[in-house]
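Here the structure is laid out as structure tokens; the discussion comes afterwards.
The values are calculated or read from the model by the stated rules, or taken from the named source; none is laboratory data. Everything numeric in this text was worked out from a predicted model, so none of it was measured. Note that each Cβ is placed from the backbone with ideal geometry, even for glycine, and that neighbours are counted across all protein chains shown. The accessibility values were calculated without ligands, DNA or RNA, using every heavy atom of the protein model including side chains. Shrake-Rupley method; radii C 1.70, N 1.55, O 1.52, S 1.80 Å.
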Amino acid sequence: MGKAIAPGLANGRAVVLLDSIPVQASLTPVDSDAEILRLKRAFQSAGADLEALQAHVHQEFGASEAEIFAAHQLILEDPALLNDIIQRLDSDALRVEDAIAASVEEYAARMSKAQDPYLRERELDIRDIGNRLIRHAAGHPASRFSALEDNSIIVGEELLPSDLVELDSDKLAGVVTQRCGETSHVAILARALGVPALTGITDIGGSLSTGQHLLLDGYAGKLVIAPTQSQRQAFEQKQHRFNDYRDAQKADEHLPCQTMDGVEIQLMANLARPNEAELSASSNLAAIGLLRTEFLFLDHSEPPTVDEQIDLYAQVASRMPGRDICIRTLDLGGDKFPLFLRHSPEANPNLGIRGLRFSLGAGLSMFRTQVEALLRVSAEHRVNILLPMVLGVDDFLAAKDIILQIARELGLTVPPIGVLVETPAAVLLIDEILDHADFVNLGTNDLTQFLLASDRNALDAEDDYSVLHPAVLRAVKTVCSTAQAKNKPVTVCGEAAGSPEIAALLVGLGIRRLSMSPSLSMPVKYLLRTLSLATLEALAREAIEARSICRVKEIVRVAGIRGSYPES
Ligand code: PEP
Ligand code: MG
């Protein structure tokens with residue numbers, strides 16, 4: 001059992017990653033001048049490689065995936081890496097391969113300790129660059145995989161972005177790794193290639209070998225090694241059912257998102273990077289329901305300037321011309337610490353100095369800079385400003401007053417200002433907050449965590465952490481009804497909105513706006529189009545009266561509501 005990181009089903013043969021190029025200890029004294037020359041040549045060849053790779057990936061995958069290798073190029077061009085390796089060549093009399101390995105190991109180890117998951121996952125990018133340099137220095141520039149046969153499932157303890165793009169994508173059926181995050185570039189590329197991927201498979205070296213028959217389920221997170229005849233037959237039947245289901249979803253692609261009886265539901269995009277806006281535009285999404293701005297700056301070593309921010313927000317806005325864009329002010333703290341922010345460790349970071357609490361305290365000047373950028377961009381585009389981690393009227397008004405004051409100073413109009421309801425306090429005080437807020441977003445990810453006292457990031461918390469808990473559903477209902485009574489738009493922008501069966505329940509509770517990762521919108525629309533509002537309302541009424549997550553799951557199952565996967 002593993003964790004699914006890219007959806008789909010694959011039936012193929014394992015191709016286990018070749019070991020890295022072995023680096024042999026030097027028997028003769030090392031001439032450091034000759035090694036420096038070899039190092040510089042390796043940098044040059046790796047640079048040329050990356051340039052060619054970017055062009056190839058741009059053509060095969062698209063602009064946003066090519067940016068992964070543009071980022072590798074930037075790391076390669078950073079003089080700090082080259083100088084660090086040269087220093088090791090000089091002082092430790094190492095061979096180039098060993099010096100590169102030592103430097104990369106140190107960089108990667110630093111990244112792996114970063115608090116922020118996004119930065120932690122960049123560790124693999126650094127290792128990818130290190131491998132490329134070592135291969136060139138050792139005179140083996142080819143990829144780590146030998147040529148693929150049809151239906152290959154590549155397997156490695158730790159796969160790198162270039163492993164995926166350098167091989168023949170027509171022959172790639174799936175990806176299996178031991179260690180890889182959902183937001184890692186390998187996961188992003190697997191989703192872009194449309195191949196299923198699994199992570200968390202332990203003892204890969206001991207249990208898998210090249211040529212073995214594998215069945216990979218990128219929905220249920222399952223891997224069957226050397227399947228029996230009956231396992232194979234069951235899997236093939238599952239593939240047929242799934243293909244039919246996906247074809248049916250595709251047929252609805254250009255139809256509006258509405259229930260069977262014509263109640264319109266707006267689907268919007270959650271974005272963390274500007275290039276994702278392309279996918280939102282092409283997926284016919286109505287607006288950007290949430291732009292998580294902190295992700296734009298996590299790898300910056302200095303706080304972002306006004307101009308830098310204007311440029312990025314305008315880039316996003318211009319990819320969705322004429323549409324509403326809801327931009328959340330920096331939600332720093334918790335598990336999101338950019339490189340430019342030094343912080344003292346907190347006992348409970350999720351309950352610590354984060355979100356608006358940080359913006360109104362130690363992060364005030366950063367907040368003011370961001371507000372200026374948002375106001376300037378809103379003069380040209382339809383920006384809505386969203387405030388995270390609000391607790392009540394006091395902090396909401398303190399932030400709003402700063403926005404009003406900066407707008408006055410700059411002579412700019414104030415755009416709509418909304419509240420992200422993601423704390424139990426904000427649910428209880430929603431009536432008063434809405435006297436001052438123009439719109440509401442419901443952040444069900446944090447709201448569930450805080451209502452149920454259950455960590456949203458824990459891998460094994462499925463039974464304790466779920467939006468389907470009746471307490472969470474009641475909180476959603478309270479916020480939704482209060483917002484509707486006050487005529488304020490309300491959008492759910494937590495991950496729940498992108499899960500078809502939960503989205504169905506949310507619509508039954510009164511929600512008409514759902515914001516999700518663009519790639520999840522098709523199954524949500526498909527399901528909603530098959531159900532009437534009366535059915536959804538009856539379902540929601542029953543769920544809200546239930547006593548447990550299990551019972552709500554049962555209610556959804558009995559009602560025959562199925563998600564993006566035919567069996568779910
Ligand atoms: C949420 O908490 O639901 C939310 C949208 O914010 P984030 O996932 O960025 O914490
Ligand atoms: Mg949140």
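Some notes on this structure:
- Charge context of Pro256, other residues only, Cβ under 15 angstrom, K/R +1, D/E -1: 0
- Solvent-accessible area per residue in region 262-558 equals 40 Å², computed with a 1.4 angstrom probe and all protein chains kept.
- Packing, as the average of other Cβ atoms within 10 Å across residues, places the peptides 168-175, 407-414, 372-379 in the order 372-379, 168-175, 407-414, highest first.
- Kirkwood radius, the chain, all distinct C-alpha pairs, inverse of mean reciprocal distance: 25.5 Å.
- Dipole axis of the chain (+1 Lys, Arg; -1 Asp, Glu on Cβ), positive-most option in Leu330, Leu428, Gln484: Gln484
- With one equal scatterer per alpha carbon and no solvent term, the Debye-computed log10 I(q)/I(0) for region 354-412 at 0.14, 0.26 1/Å reads -0.37, -1.14.
- Sites Asp150 and Arg408 - FRET efficiency at Förster radius 60 Å, r taken between beta-carbons, to 0.05: 0.35
- Length added when fully stretched, Ser91-Gln237, from 0.36 nm per residue minus Cα-Cα: 46.4 nm
- Percent accessible area from carbon and sulfur atoms, the chain, protein chains only, probe 1.4 Å: 50 percent
- Sequentially through region 307-322, phi angles give Karplus couplings (6.51, -1.76, 1.60; θ = phi - 60°) of 5, 4, 5, 4, 4, 5, 5, 5, 4, 5, 4, 6, 7, 10, x, x Hz, Gly and Pro residues having no value and appearing as x.
- Report note on the peptides 426-434, 554-562, 308-316: ranked by the mean count of other C-beta atoms within 10 Å, highest first, their order is 426-434, 308-316, 554-562.
- Applying 0.36 nm per residue to the separation of Ala534 and Thr478 and subtracting their alpha-carbon distance, the gain on full extension is 18.2 nm.
- The calculated P(r) of region 20-138, using every Cα pair and 10 Å bins from 0, goes 14, 42, 32, 11, 2 in percent.
- Mean shadow area of region 262-558 over all directions, Cα convex hull, nm²: 15.0 nm²
- Förster radius 35 Å - calculated FRET efficiency between Asn487 and Arg110, Cβ distance, rounded to 0.05: 0.10
- Rounded FRET efficiency, nearest 0.05, which uses the C-beta distance separating Leu37 from Glu302 and R0 of 60 Å: 0.95
- Separation of the alpha carbons by more than 30 angstrom is noted, of Lys113/Lys171; Lys400/Lys477; Lys113/Lys250; Lys3/Lys238; Lys3/Lys40; Lys250/Lys477, for Lys113/Lys171; Lys113/Lys250; Lys3/Lys40; Lys250/Lys477.
- Surface analysis of region 20-138 yields an accessible area of 49 Å² per residue, using protein heavy atoms and a 1.4 Å probe.
- Only helices enter this figure: runs of n ≥ 4 DSSP H residues, each worth -39500 (n - 2.57), summed and divided by the residues of the chain, yield -14500 deg cm²/dmol at 222 nm to the nearest 500.
- Between region 331-357 and region 206-222, the alpha-carbon center distance in angstrom: 38 Å
- Our estimate of slack between Arg368 and Gln315, defined as 0.36 nm per intervening residue step minus the Cα-Cα distance, is 17.0 nm.
- Of all beta bridges that DSSP places with both ends in the chain, some 30 percent have antiparallel geometry.
- Shape call, region 446-568: gyration tensor on alpha carbons, a/c limit 1.5: rounded
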